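Presented below is the structure to which this report refers.
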Amino acid sequence: MTDGIQKDRLEKLLAMQQAGVDAYPPRVPRGIHIGPVLREFDASIGKTVTFCGRLGQVRDFGKLRFSHLSDRSGSIQVGFERDHLPDFWPDRKRVEANDLVAITGELGRTQKGEPTLWARDVVLASKALRAAPEKWHGLQDQEQRYRQRYVDLFASEDVRKTFLLRSQIVREVRAYFDSLGYCEVETPILQPIFGGAAARPFKTHHNALDMPLYLRIAPELYLKRLIVGGLERVYELGRVFRNEGISTRHNPEFTMIESYEAWADYRDIMDRVEGLFAHLCGAVLDNRTVVTFRDKQFDLKPPFQKASYLELFKQHNSGLDWFDHTAVVQRARQLRLPIDGIAPHKLANDVFEATVEDTLQGPIFVYDYPVAISPLAKRTTADPRVTERFEFFVCGMELGNAFSELNDPIDQEQRFQQQLLHVDEEQPSEMDVDYVTALEYGMPPAGGLGIGIDRLCMLLSGSNSIRDVVLFPLLRRVEQDATVQASSAPPTPKGPQPKTAGS
RNA sequence: GGGGGCGUAGCUCAGCCGGUAGAGCAGCGGCCUUUUAAGCCGUAGGUCGCAGGUUCGAGCCCUGCCGCCCUCACCA
């Protein structure tokens, strides 16, 4: 722990403590936010205020010192004058960049017009024992940015802005569904049978019940039980977990919203998606509709493009029929896709993803997916091989998935049976019988929707990696420094070391 | 899991052909009451990711390992 602590800072701390200063006082004068004051600064000149925040680099002129003080809302210059700070002056060099302080002073401007808080009282709120990253370059090391997000956040205004934007997006997504009469619900994260998507789950165990459990890969099957129960419009915004690869678009735990609306079909849900984007552009992008993502511009103003899944498949595979297995295998071979042991419908979808997905600049709705890859969606009346389902894409990235929910219990049971023929790690090994039972009690026609909130945030904030919109992305654990372990647990001379909490 | 790149002072980065470990910022001492990447003078600071190997000699070459980034595969 003492590894990164700077000796000089520790010495300053000790010197102040010996002089009777509490470097970590229980409370300090509470201030007001800097940002609002700066926005109407001229009206505040001459007033005495208190600001609390983190101190920036000090510019020292002997009897005069300047620094900046930053809080969440903004940053203002602080002027320290010897003649106005008789009590603080002896400690001036012990309170330095990165320390947290509460400063009371008079608002004014310098000769060059810079808004400045002329300090009259400085209270140390918390002494920092580590230095902040260099002001000019900031924190460049990606790994350190993710592992020590707290540093990244205070060192970079852009990072702060991104996560404040995310907070706003989440709030406005909720507001949108709330405004349509949806109610927010919470369903189990620990599930005895996982379902609602195709993905490998995380497995865990409940001791008292001596029962294996899975962390949910989707809330879908529980939410539709609530539609059976008559809640009519529900959504859940929360974490799901998929035990799969990590990439710039995938984090093992991610946030998604799923919504279900009774008496609606997938066309209605398209309207919901467009409505949501319109709402978000208004509420979090100041009515901008064009965003820059991965060096391209995308106009999120509805209506979005629409294209049929099977048509797109044909277009990008020289007229190939999705259902012609022999031809699909041939094409897959041509594309050098893995073929062995892949179920026909999965292979055909692999070909779709390999040939079509990257071309979907969007925003675009891709609609009417084959039933074989849509086990929970209702068939179209025109073609029973196809379902009323759409996904929507921006920049080749899938943002969401929606369909007219299958409410025919007999069809649903058959499809579950069908899935059990191709059991792999991504499929539950048993049927969710209770879900079928729920459908047997009768579920109204309903339209459902799932949206990846992290990806939505990537798009709206222009972030290239999901890790830039997840505060603490999953990273491999690094072995703690030996000195840390030694100081946190007394060494035992023999026998195996008990594992410390968190290991 | 495959391919590519990276890891040097608290931070940002140099380091040639293998020959004493470098700069800027931050720190410390000094000067300065209008700076805002302040300036000037001085000073201190290193497990070169870890472990081996080759060599008279390794930050540099070789092998293994650890971690991160990009990319492909799987997925949303």
- Query: What number, in percent, do you get for the relative contact order of chain A if the mean sequence gap of Cα pairs under 8 Å and at least 6 apart is divided by its residue count?
  - Reply: 12 percent
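Pairs of Cα atoms under 8 Å, at least six residues apart: use those to get the relative contact order of the range A:284-426, whole percent. Don't skip to the answer; put the middle values down first.
Numbers: 208 pairs, mean separation 26.6, N = 143.
With pairs under 8 Å counted, the relative contact order is 19 percent.
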- Item | Zone of A:LYS63's modelled label, taken as backbone nitrogen in the range A:74-94 under 11 Å from a point 7 Å along Cα→Cβ | A:82-84
- Query: Relative to the longest principal axis of chain A, what angle (0 to 90°, nearest 10) does the C-alpha long axis of helix A:344-355 take?
  - Reply: 50 degrees
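With respect to the cross-link table entries A:LYS7/A:LYS135; A:LYS224/A:LYS378; A:LYS7/A:LYS93; A:LYS63/A:LYS93; A:LYS224/A:LYS306; A:LYS12/A:LYS93, which display a Cα-Cα separation exceeding 19 Å? Provide the component values of the computation, followed by the final result.
Numbers: A:LYS7/A:LYS135 21 Å; A:LYS224/A:LYS378 14 Å; A:LYS7/A:LYS93 15 Å; A:LYS63/A:LYS93 12 Å; A:LYS224/A:LYS306 27 Å; A:LYS12/A:LYS93 8 Å.
Violating the 19 Å limit, Cα to Cα: A:LYS7/A:LYS135; A:LYS224/A:LYS306.
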- Query: Which of A:LEU139, A:LEU55, A:LEU471 comes first, and how do the rest follow, when ranked by fewest Cβ neighbours within 10 Å?
  - Reply: A:LEU471, A:LEU139, A:LEU55
- Helix-only [θ] at 222 nm, chain A, -39500 (n - 2.57) per DSSP H run of 4+, per residue, nearest 500, equals -9000 deg cm²/dmol
- Item | Net charge over other residues, Cβ less than 12 angstrom from the Cβ of A:LEU231 (K, R count +1; D, E count -1) | -1
- Query: How long is the gain from A:ASP434 to A:HIS250 if the chain were fully straight, where each residue apart is worth 0.36 nm and the alpha carbon distance is subtracted?
  - Reply: 63.2 nm
- Note on the structure: Rounded to the nearest 0.05, FRET efficiency between A:LYS314 and A:ALA283 (Cβ-Cβ, R0 56 Å) equals 0.90
- Task: Report, in whole Å, the centroid distance computed from the Cα atoms of the range A:51-67 and the range A:406-467.
- Result: 57 Å
- How far is it, in nm, from the label point at A:VAL21 to the one at A:LYS296 when both lie 7 Å from their Cα along the line to the Cβ? 5.6 nm
- Query: Distance in nm between label sites at A:GLN330 and A:ASP408, each 7 Å beyond Cα in the beta-carbon direction?
  - Reply: 3.3 nm
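How large is the dipole of the range A:167-299 about the Cα centre if only Lys and Arg carry +1 and Asp and Glu carry -1, each at its Cβ, rounded to the nearest 20 debye?
Values: 16 positive and 19 negative charges, 93 e Å.
Charge dipole, the range A:167-299, about its Cα centre: 440 debye, nearest 20.
Kirkwood Rh over Cα pairs of the range A:216-323 into Stokes-Einstein at 37 °C, 0.692 mPa s: D in µm²/s? Before the final figure, lay out the partial values.
Values: Rh = 17.2 Å.
The calculation lands on 190 µm²/s.
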- Put +1 on the Cβ of each Lys and Arg and -1 on the Cβ of each Asp and Glu in chain A; which of A:ILE76, A:ALA43, A:GLY113 then has its Cα farthest toward the positive end of the dipole? A:GLY113
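What FRET efficiency would be calculated for the residue pair A:GLN168, A:ASP268, taking the C-beta separation as r and a Förster radius of 22 Å, to the nearest 0.05? Write out the running numbers ahead of the final one.
Working: r = 26 Å, r/R0 = 1.20.
The pair A:GLN168/A:ASP268 has a calculated efficiency of 0.25.
Please compute the length gained on full extension between A:ARG130 and A:ASP340, using 0.36 nm multiplied by the number of residues separating them and subtracting their Cα-Cα distance. Could you put the intermediate results ahead of the total?
Numbers: separation 210, 0.36 × 210 = 75.60 nm, distance 5.53 nm.
Gain on stretching A:ARG130 to A:ASP340: 70.1 nm.
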- Message: What is the angle, in °, between the Cα long axis of helix A:325-334 and the longest principal axis of the Cα atoms in chain A? Nearest 10 is fine, range 0 to 90.
- Response: 40 degrees
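Taking the Cβ-Cβ separation of A:ASP83 and A:LYS161 as r and a Förster radius of 45 Å, what is the calculated FRET efficiency to the nearest 0.05?
Working: r = 38 Å, r/R0 = 0.85.
Efficiency, rounded to the nearest 0.05: 0.70.
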- Rounded, prolate or oblate: which one fits the range A:4-135, using the alpha carbon gyration tensor with axes a ≥ b ≥ c (rounded when a/c is under 1.5, else prolate when a/b beats b/c, else oblate)? prolate
- Item | Simple label model, 7 Å out from Cα along Cβ direction - A:PHE202 to A:LEU421, nm | 3.5 nm
- Task: Using only alpha carbon pairs under 8 Å that are at least six residues apart, calculate the relative contact order of the range A:4-135 and give it in whole percent.
- Result: 29 percent
- Message: Quick check for me: using +1 on Lys/Arg Cβ and -1 on Asp/Glu Cβ, what's the dipole size of the range A:4-135 about its Cα centre, in debye to the nearest 20?
- Response: 240 debye
- Query: If you put +1 on each Lys and Arg Cβ and -1 on each Asp and Glu Cβ, how big is the dipole of chain A around its Cα centre, in Debye rounded to 20?
  - Reply: 2200 debye
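Read-outs: derived from the displayed coordinates by stated rules, not from any lab. Keep in mind the model is a prediction, meaning the values are calculated, not measured. Please note: Cβ atoms are built from the backbone with ideal geometry, for glycine as well, and neighbour counts cover all protein chains shown.
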